[in-house]
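**Q** This is the structure, below, for whatever I ask next.
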Amino acid sequence: MSAEVAVDVDGLRMRYGTNDVLRDVTFRAHHGEVLALLGPNGAGKSTTIEILEGFRMRSAGRVEVLGTDPARGTEHWRARLGVVLQSWRDHGKWRVRELLAHLGSYYARYSTDLIRRPWETDELVAAVGLTEHAGKKIRTLSGGQRRRLDVAIGIVGRPEVLFLDEPAAGLDPVARHEFHGLVRDLAARGRTTVLLTTHDLDEAEKLADRIVILDAGRIVADGTAAELARRMAGEDRVRWTRDGQEFVHRVPDSTRFVHDLFRRHGEAIENLEVRRATLEDTYLALVRRAESGNGAAR
């Protein structure tokens, strides 16, 4: 595996009895990259993440995370990972600061010359916006505050690879914006590779460097939001009026189309409106294409 590759998945397959949950899943994530796994319920997103975390054994294929097969990961390897579950239970009597300090103590022994583990507790509390709530018992936190604590727990050991399951669930718009900034900062400054699952297409478009779309256990698309949109012919919608008549065209490249339109008709063009394909448009089209048997878009 290349030194620049943090996660390498090749031909991953997962079967329960006669049911294939994952079928020849292949992708890579580089150091510092934020990669989103999207797909409808049952697509195989959670199963993929659980295999990468070492929580579930695969049926076939090759998987490496930080150069190690997760099925054989040691405690030193696990100390280099962070996991934020969609929800989890703990002792509500713990206070925020004392819980993070306690968890951080487990990582101190894994510090190296290159990576200092863990965070200073107050620094971590501030990073997730919980300074004013550091002395509160966990059971008194609101849903959004609790989600911030979940993230703090996931990054307490300064992970090199961070797995996020529906990370912004329960956060209000302001907290969601702040959280997105935190994830981007982790990836950019800490060279942390982030793999997240989300049903929020807008979140994936804003947050992820690259998006992998799964459907029925197969990858149907892999690329940036812009790349995925460009692959879908006929998704851009151009509307305009000329001489009092309205026209609407769907075209694969609206920029070139508009350029040619003005070259031909110039100032006669009025009320021009361009609606480019969104990630949601692309996602729905790709899934429908896969379900109709027309194959994957790679």
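**Q** Sort out which residues of the range 24-80 are among the acidic types (Asp, Glu) and under 17 Å from Val212 (Cβ atoms), and write them in order of number.
**A** Just the residues of the range 24-80 that are among the acidic types (Asp, Glu), to begin with: 24, 33, 50, 53, 64, 69, 75.
The answer is Asp24, Glu33, Glu50, Glu53, Glu64.
**Q** Can you tell me which residue is surrounded by the most Cβ atoms within 10 Å (Cβ to Cβ) among those in the range 94-127 that are farther than 21 Å from Arg139 by Cα and β-branched (Val, Ile, Thr)?
**A** The residue in question is Ile115.
**Q** Out of Val238, Val212, Val258, report the one residue that is of a type outside the set (Gly, Ala, Ser) and in the same structural domain as Val128 (by TED's automatic domain parsing).
**A** Val212
**Q** Of all residues in the range 130-145 being assigned to a loop (DSSP other than H, G, I, E, B) and touching a strand residue (DSSP E or B) at 6+ places or on another chain (Cβ under 8 Å), which is surrounded by the fewest Cβ atoms within 10 Å (Cβ to Cβ)?
**A** Ranking the qualifying residues of the range 130-145, first place goes to Gly135.
**Q** Just to be sure, is Arg56 surrounded by fewer than 20 Cβ atoms within 10 Å (Cβ to Cβ), out of contact with any Phe, Trp or Tyr (no Cβ under 9 Å at 6 or more places or on another chain) and closer than 18 Å to Thr192 by Cβ?
**A** No: the conditions fail for Arg56.
**Q** What is the residue count in the range 190-215 for residues that are of a type in the set (S, T, N, Q) and within 14 Å of Gly32 (Cβ to Cβ)?
**A** Residues that pass the stated criteria total 2.
The values are calculated or read from the model by the stated rules, or taken from the named source; none is laboratory data. Predicted model, so just to flag it, every value in this text is computed and none were measured. Using ideal geometry, Cβ is built from the backbone for each residue, glycine included, and neighbour counts are taken over all protein chains shown.
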